[in-house]
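Colleague: This structure is in structure tokens; I'll ask about it shortly.
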Amino acid sequence: MAPKKSAGSTGKRSYRMGSRAEAAAETGRRILRATLECYSERFFDQVSLEDIAERASVTVQTILRRYSCKDDLIAAAADEARQSIKGQRDEVPVGDVAGAIKALVRTYEEHGDRVSRLLAQEERVAAFRLITDAGRAYHRQWVERVFAPFLATPRGSRRQRLSAQLIAICDLYAWKVLRRDLGLSRENTELAMIEAAMAIVAAPNDRSD
């Protein structure tokens, strides 16, 4: 008859398994964080798996055991960043124009420069185009949700124009022009975008064409 396992040995084994799982999860987070950092600093063809491995303090083999190729790694890192962005933006109550812009600027301050670099390469890097297309689709859905009260009454091309204007004003490029190209402070960038959005939603709605 096999000896009975004590509760203590079972607890120790569970603890070791839990520690290994947490260590593996932390390794994964380091790899994805290193990937985002490398692509924030350099272009696609200037970043190698060796660069990412060095930044994450792992081997290339460790990366390849988790992700079969560079494109899969990029997609996973982008998804990680996207979930962080969505977590911040999706908290905005419907109809809260100022809150929406402040949430946008907060995410653009954190991720905007990296996303701008992806956008600059999307025509020649298929993995980046998938990421940016998904970002555009999410941005449009987010605008339609947050500004729904202002889009409920207009009809036809008027509604289409209003939606397009709000999408453009809330877009990363609007932040980039104001913040990076024109050098406004974060506070003045927020104010400029809020004023532009408010001017549009407050415009008389007397046309339905």
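Colleague: Could you count how many residues in the range 85-119 are part of a helix (DSSP H, G or I), aliphatic (A, V, I, L, M) and either in contact (Cβ under 8 Å) with a residue 40 or more places away in the chain or in contact with a Pro (Cβ under 6 Å, 6 or more places away or on another chain) (or both)?
Modeller: 9
Colleague: Take residues that are touching a helix residue (DSSP H, G or I) at 6+ places or on another chain (Cβ under 8 Å) and more than 30 Å from ILE74 (Cβ to Cβ) and tell me which of the helices (runs of 4 or more DSSP H) falling wholly in the range 120-209 contain 2 or more.
Modeller: Correct list: 148-151, 156-169, 186-201.
Colleague: Then there is this: State yes or no: is GLU123 of a type outside the set (Gly, Ala, Ser), exposed (fewer than 15 other Cβ atoms within 10 Å of the Cβ) and in contact (Cβ under 8 Å) with a residue 60 or more places away in the chain?
Modeller: So GLU123 fails the test.
Colleague: Still on this structure, I have one more. Any idea which residue in the range 167-195 is farthest from GLN141 (Cα to Cα), counting only those that are buried (at least 18 other Cβ atoms within 10 Å of the Cβ) and small (Gly, Ala, Ser)?
Modeller: Step by step, filter the range 167-195, then rank; the result is ALA192.
Colleague: Hey, does the range 82-95 have a residue that's polar (S, T, N, Q) and modelled with pLDDT of 90 or more?
Modeller: Within the range 82-95, none of the residues are polar (S, T, N, Q) and modelled with pLDDT of 90 or more.
Colleague: In the range 84-95, which residues are farther than 21 Å from ILE52 by Cα and not aliphatic (A, V, I, L, M)?
Modeller: The answer is LYS86, GLY87, GLN88, ARG89, ASP90, GLU91, PRO93, GLY95.
Colleague: Could I ask something else about it? Condition first: at positive phi and at pLDDT 95 or above. Can you find one or more residues in the range 136-147 that meet it?
Modeller: No, the conditions are met nowhere in the range 136-147.
Colleague: While we're on this one: So which of ARG82, ARG20 is outside the structural domain of HIS111 (by TED's automatic domain parsing), among the basic types (Lys, Arg) and part of a helix (DSSP H, G or I)?
Modeller: Being outside the structural domain of HIS111 (by TED's automatic domain parsing), among the basic types (Lys, Arg) and part of a helix (DSSP H, G or I) holds for just one of ARG82, ARG20, which is ARG20.
Colleague: Give me a count of the residues in the range 56-66 that are surrounded by 18 or more Cβ atoms within 10 Å (Cβ to Cβ) and in a helix (DSSP H, G or I).
Modeller: Qualifying residue count, the range 56-66: 2.
The values are calculated or read from the model by the stated rules, or taken from the named source; none is laboratory data. Note that the structure is a prediction, hence the values are computed from the model and not measured. We place every Cβ from the backbone using ideal geometry, glycine too, and count neighbours over all the protein chains shown.
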